[in-house]
Amino acid sequence: MSTTVEQSVLARLVTDAPHGVPVPVTLTYDGADPLAVRMLFPAQVSLDDTGVTWVFARNLIDRGLRAPAGAGDVRVRPLDPSRTLVELRSPDGLALLEFGTAALRRFLLLTYAEVSAEAENQDLDMDGALAALLRESR
C-alpha cells in the first residue's frame, strides 16, 4: 500500500507587480510513483479555467534548493536562503513561481519519510515499463 503526501503552499507568481500574485499550489507525492512529484494549480490561475498539474522528478526540487537544476520545461533554483524559484515553460509561455524554501524542504522531508532517495529506484521494472510503452505506441 502506497501513501500519498499532500501539502498546500502559497507561491507567488512573479509579475510586474511589486509583490507578485499569490497562487495556491498543492504539492503531491505518491509512493507508488516514487520518482515524481506533482504541482497542482487551481482553475482560477490557468489560461483555460481548468486546473493544471505539472509532473516532474522529485530530485529536481531537491537539487534546486541548493543550486540551479533542470534543463527542460521545469527548472528550480534558489533565490536566497529563504526563497526558491520554480520556472515552468510550456508552448503557452513561461511562469516564474517563488516558493518559501522551508515549505519545499518540509514537503521533501515528508516524501523521503515515505520512500527514501536510495529506495526510489529499487522497485522499478524498467523492462516492463519499456515493453508497455512500446505496446501503447503501436
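The values are calculated or read from the model by the stated rules, or taken from the named source; none is laboratory data. Keep in mind the model is a prediction, meaning the values are calculated, not measured. Positions of Cβ are generated from backbone atoms using ideal geometry, with glycine treated the same way; all protein chains shown enter the neighbour counts. Surface accessibility is based on the protein's heavy atoms, side chains included, excluding ligands, DNA and RNA. Shrake-Rupley method; radii C 1.70, N 1.55, O 1.52, S 1.80 Å.
Report, to one decimal in Å, the Kirkwood hydrodynamic radius for the chain based on all distinct Cα pairs.
Numbers: mean 1/r = 0.0620 Å⁻¹.
The answer is 16.1 Å.
Percent relative contact order of the chain, based on C-alpha pairs within less than 8 angstrom and at least six residues apart?
So the answer I get is 18 percent.
Cα axis of helix 101-114 to longest principal axis of the chain: angle in degrees, 0 to 90, nearest 10?
Approximately 20 degrees, to the nearest 10.
How high is the relative contact order of segment 5-73? Use alpha-carbon pairs under 8 Å, at least six apart in sequence, and give a whole percent.
20 percent
How much length would be gained if the chain were fully extended between Asp49 and Glu118, taking 0.36 nm per residue of separation minus their Cα-Cα distance, in nm to one decimal? Write out the running numbers ahead of the final one.
On the way: separation 69, 0.36 × 69 = 24.84 nm, distance 3.88 nm.
Additional length available on full extension: 21.0 nm.
Express in whole angstrom the spacing between the alpha-carbon centres of segment 19-68 and segment 74-95.
Centre-to-centre (Cα) distance: 11 Å.
Might you report the magnitude of the Cβ-based charge dipole of the chain about its Cα centre, with Lys and Arg at +1 and Asp and Glu at -1, to the nearest 20 debye?
Details: 13 positive and 19 negative charges, 91 e Å.
Here the size comes out at about 440 debye.
Please calculate how many Å² of accessible area the chain carries per residue, with a 1.4 Å probe and no DNA, RNA or ligand atoms counted.
That works out to 62 Å² per residue.
Angle, helix 126-136 long axis vs. longest principal axis of the chain, Cα atoms, 0 to 90°, nearest 10?
It works out to around 80 degrees.
Given a 1.4 angstrom probe, I'd like the percentage of the accessible area of the chain that is carbon and sulfur, rounded to a whole number.
Answer for the chain is 54 percent, counting heavy atoms of protein chains only.
What figure in square angstrom, to the nearest 10, would you give for the accessible area of Val5 with a 1.4 Å probe?
In the full protein context, Val5 sits at about 10 Å².
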